[in-house]
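> A single structure is presented below for examination.
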Amino acid sequence: MIVRHCAGGVVFYANKVLILKNDRNEWTLPKGKIYENGLPVDSAVKRVAEETGAIAKVLDVAGDTMYEFYSRSRQQEVCNAVVWYIMESNESKYILKDEFKEGGFFKVKEAVEMLTHSKEKSLVELSYKKYKEIKKKGSEDQSLAVNCK
């Protein structure tokens, strides 16, 4: 079995999250193999941009998952160990790459229902709670800074 170390993003734009439909008709999150000698966080940002055209910044670590699948091209089992990051895009623009059939920013509740794998459903739900906390704390910090002037 091949073990691949990957990184990906749970990318939010307001109350929406970016998901993709792959060539197996599975709805999933953007992710990919970590570049040689690269840091997972840098690879996550690059993989999101490569797969979707979305420019997103990392806000926090979301968690990690592991899953196995049969690779048709390699003709063997592959285990993907994925480090996930909570990310934010300043716009809802995206461009799908050829390997994806559909995709886009969907309301979180709708996206969770669409996602194929339960681990990614849980990951999005937990990440969205954390994302809202991060955004709330950021707006509170801005309010404090304005009030202190």
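The values are calculated or read from the model by the stated rules, or taken from the named source; none is laboratory data. Remember, predicted model here, so these are calculated numbers, not experimental data. Note that we place each Cβ from the backbone using ideal geometry, even for glycine, and neighbour counts take in every protein chain shown.
> For residue 29, all conditions in the list (1) over 14 Å from residue 100 (Cβ atoms); (2) at pLDDT 95 or above hold save one; what is the number of the exception?
(1)
> Keeping to the stretch 47-91, report how many residues are free of Cβ contacts under 8 Å to residues at least 12 places away in the same chain and farther than 22 Å from residue 121 by Cα. Walk me through how you get there before you give the answer.
First, the residues of the stretch 47-91 that are free of Cβ contacts under 8 Å to residues at least 12 places away in the same chain: 49, 69-70, 72-73, 75.
Subsequent filtering for residues that are farther than 22 Å from residue 121 by Cα retains 72-73, 75.
The qualifying residues number 3.
> Please verify whether residue 85 is in a strand (DSSP E or B) and modelled with pLDDT of 95 or more, treating the condition exactly as stated.
Values: in a strand (DSSP E or B): yes; modelled with pLDDT of 95 or more: yes.
Yes; evaluated as a whole, the condition is true for this residue.
> Moving on to the next point. Take residue 128 and decide whether it is in contact with a helix residue (DSSP H, G or I) (Cβ under 7 Å, 6 or more places away or on another chain), modelled with pLDDT under 90 and over 30 Å from residue 2 (Cα atoms). Quick ask: steps written out before the conclusion?
Values: in contact with a helix residue (DSSP H, G or I) (Cβ under 7 Å, 6 or more places away or on another chain): yes; modelled with pLDDT under 90: no; over 30 Å from residue 2 (Cα atoms): yes.
No: the conditions fail for residue 128.
> Which numbered condition in (1) modelled with pLDDT of 90 or more; (2) crowded, with 17+ Cβ neighbours inside 10 Å is the only one that residue 5 fails?
Of everything listed in (1) modelled with pLDDT of 90 or more; (2) crowded, with 17+ Cβ neighbours inside 10 Å, residue 5 misses just condition (2).
> Could you check, for the stretch 24-42, whether at least one of its residues is under 11 Å from the mean Cα position of the chain (by Cα), assigned to a loop (DSSP other than H, G, I, E, B) and in contact (Cβ under 8 Å) with a residue 12 or more places away in the chain? Let's see the steps before the verdict.
Of the stretch 24-42, the ones under 11 Å from the mean Cα position of the chain (by Cα) are 28-32.
Now narrow it down to the ones that are assigned to a loop (DSSP other than H, G, I, E, B): 29-30.
Subset that is in contact (Cβ under 8 Å) with a residue 12 or more places away in the chain: 29-30.
Yes: the stretch 24-42 contains one or more residues that are under 11 Å from the mean Cα position of the chain (by Cα), assigned to a loop (DSSP other than H, G, I, E, B) and in contact (Cβ under 8 Å) with a residue 12 or more places away in the chain.
> Please state which of the following conditions residue 99 fails to meet, knowing it meets all the rest: (1) in contact (Cβ under 8 Å) with a residue 60 or more places away in the chain; (2) touching a strand residue (DSSP E or B) at 6+ places or on another chain (Cβ under 8 Å).
(2)
> Is there a residue in the stretch 106-123 that is under 15 Å from the mean Cα position of the chain (by Cα) and exposed (fewer than 12 other Cβ atoms within 10 Å of the Cβ)?
Within the stretch 106-123, the first condition is being under 15 Å from the mean Cα position of the chain (by Cα), and the residues that meet it are 106-108, 111-112, 114-123.
The next check asks that each one be exposed (fewer than 12 other Cβ atoms within 10 Å of the Cβ); those that pass are 118.
Checked against the condition, which is being under 15 Å from the mean Cα position of the chain (by Cα) and exposed (fewer than 12 other Cβ atoms within 10 Å of the Cβ), the stretch 106-123 yields at least one hit.
> How about the stretch 81-105: which of its residues are aromatic (Phe, Trp, Tyr) and either over 14 Å from residue 19 (Cβ atoms) or within 14 Å of the chain's Cα centre (by Cα) (or both)? Show your work before the answer.
Of the residues in the stretch 81-105, the ones aromatic (Phe, Trp, Tyr) are 84-85, 94, 100, 105.
Within the stretch 81-105, 84, 85, 94, 105 meet the criteria.
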